[in-house]
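Some notes on the structure that comes next.
The values are calculated or read from the model by the stated rules, or taken from the named source; none is laboratory data. Keep in mind that what you see is a predicted model, and the values were worked out from it rather than measured. Every residue, glycine as well, gets a Cβ built from its backbone with ideal geometry; the counts of neighbours run over all protein chains shown.
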Amino acid sequence: MQRQVIRIDEDRCTGCAECIPNCPEGAIQIIDGKARLVSDLFCDGLGACIGHCPEGAITFEEREAAAYDERQVIENIARQGTGVITEHLRHLKEHGQTAYLKEAVDYLKEKGILSQMDDANPAPSGCPGSRSIAFAAPIERSGARPPRRRPSQLTHWPIQMHLISPHAQHYRGADILLAADCVAFAVGDFHRDYLKGKALAVACPKLDSDQEIYVQKLKALIDEAKINSVTVMIMQVPCCGGLLRLAQTAAAGAGRKVPIKLIVVGLRGEILKEEWA
């Protein structure tokens, strides 16, 4: 069918990835250093990404293209978490795409991703805290009395691997701390000694499902967010070693090379091992 879709000028594209967070359908990926439309099925032709490219490499074109498929779009973005789904539903509502919006909501309910929807403001009812947020650094005042509580060193939200977006601004060029869920409870000075200055992601290699998604996200952090390093922090229990294997698998499949540090924590919070993996 003839319809309007985006066109990306490869010669003008620098691979900066500014367009990716502004595509609510997940239709754009960085491949071989360039932004690509991964499938006509994902492009609704509404142009939310237009104007976000600093090089002006994204325009519209009318051409023969496969029909936009709302269900395929939901399957694509659901892997990135409910916060991304929220943005997509809001995008459809703002552009008056009531038919697509109804199809998306019905499909999400059918799959059990959404149990309830607010017709006036469609958004997932179960997890409003999955939206990406960056925090400002705490202000240090000269001569001020030290606070009674140590400030948090967490710089962003969300942090769980199923919810994070590797395209979030706070991951770009960052040093990543990939920590097992239990680590922060065991290490008394986790924030001061290990989290400070790093972008955090947490996971449980024993209990989390669909961990192949973790590998894909870690690869995207390496190749697209161009992170500097990965520190994998795990407990001494055997099942925790799976988190290191996930990081190593992602690094082996990535186009860039980044160093991986391993830190193993004892059950009482002592550091048992710290080495480059």
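For every residue, the table says whether it meets (1) under 18 Å from Glu224 (Cβ atoms); (2) surrounded by fewer than 18 Cβ atoms within 10 Å (Cβ to Cβ); (3) within 20 Å of the chain's Cα centre (by Cα).
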position: Val38; (1), (2), (3): yes, yes, yes
position: Phe42; (1), (2), (3): yes, no, yes
position: Leu46; (1), (2), (3): no, no, no
position: His52; (1), (2), (3): yes, yes, yes
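Determine whether Leu114 is modelled with pLDDT of 80 or more and within 25 Å of the chain's Cα centre (by Cα).
no
Which count do you get for residues in the range 4-51 that are farther than 15 Å from His88 by Cβ and either in a loop (DSSP other than H, G, I, E, B) or touching a strand residue (DSSP E or B) at 6+ places or on another chain (Cβ under 7 Å) (or both)?
27
Any residue at all in the range 226-247 that is surrounded by fewer than 15 Cβ atoms within 10 Å (Cβ to Cβ) and in contact with a Phe, Trp or Tyr (Cβ under 9 Å, 6 or more places away or on another chain)?
No, the range 226-247 contains no residue that is surrounded by fewer than 15 Cβ atoms within 10 Å (Cβ to Cβ) and in contact with a Phe, Trp or Tyr (Cβ under 9 Å, 6 or more places away or on another chain).
Just checking, how many residues over the range 1-27 are of a type in the set (A, V, I, L, M) and under 16 Å from Ala66 (Cβ atoms)?
Qualifying residue count for the region: 4.
Write out, first by first residue and then by second, each pair whose Cβ atoms fall under 7 Å of each other, whose residues are 6+ apart or on separate chains, and whose first residue, in the range 260-277, is on the phi > 0 side of the Ramachandran plot while the second is exposed (fewer than 13 other Cβ atoms within 10 Å of the Cβ).
Partner pairs satisfying both residue conditions: Gly269/Gly188.
Conditions (1) touching a helix residue (DSSP H, G or I) at 6+ places or on another chain (Cβ under 9 Å); (2) farther than 24 Å from Leu108 by Cα, marked per residue:
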| site | (1), (2) |
| --- | --- |
| Glu18 | no, yes |
| Asn22 | no, no |
| Ala27 | yes, no |
| Ala35 | yes, yes |
| Phe42 | yes, no |
| Leu46 | yes, no |
| His52 | yes, yes |
| Ala57 | no, yes |
| Asp69 | yes, no |
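In this structure, is Ala78 at pLDDT below 85, hydrophobic (A, V, I, L, M, F, W, C) and out of contact with any Asp or Glu (no Cβ under 9 Å at 6 or more places or on another chain)?
Here the answer is yes, as Ala78 does meet what is asked.
For the range 195-208, name all the residues that are more than 11 Å from Asp175 (Cα to Cα) and over 19 Å from the mean Cα position of the chain (by Cα).
Result: Lys206, Leu207.
Within the range 235-259, track down each residue that is of a type in the set (Gly, Ala, Ser) and in contact (Cβ under 8 Å) with a residue 60 or more places away in the chain.
The one that is of a type in the set (Gly, Ala, Ser) and in contact (Cβ under 8 Å) with a residue 60 or more places away in the chain: Ala247.
Residues in the range 54-67 that are surrounded by fewer than 18 Cβ atoms within 10 Å (Cβ to Cβ) and closer than 29 Å to Arg256 by Cα: how many?
Result for the range 54-67: 3.
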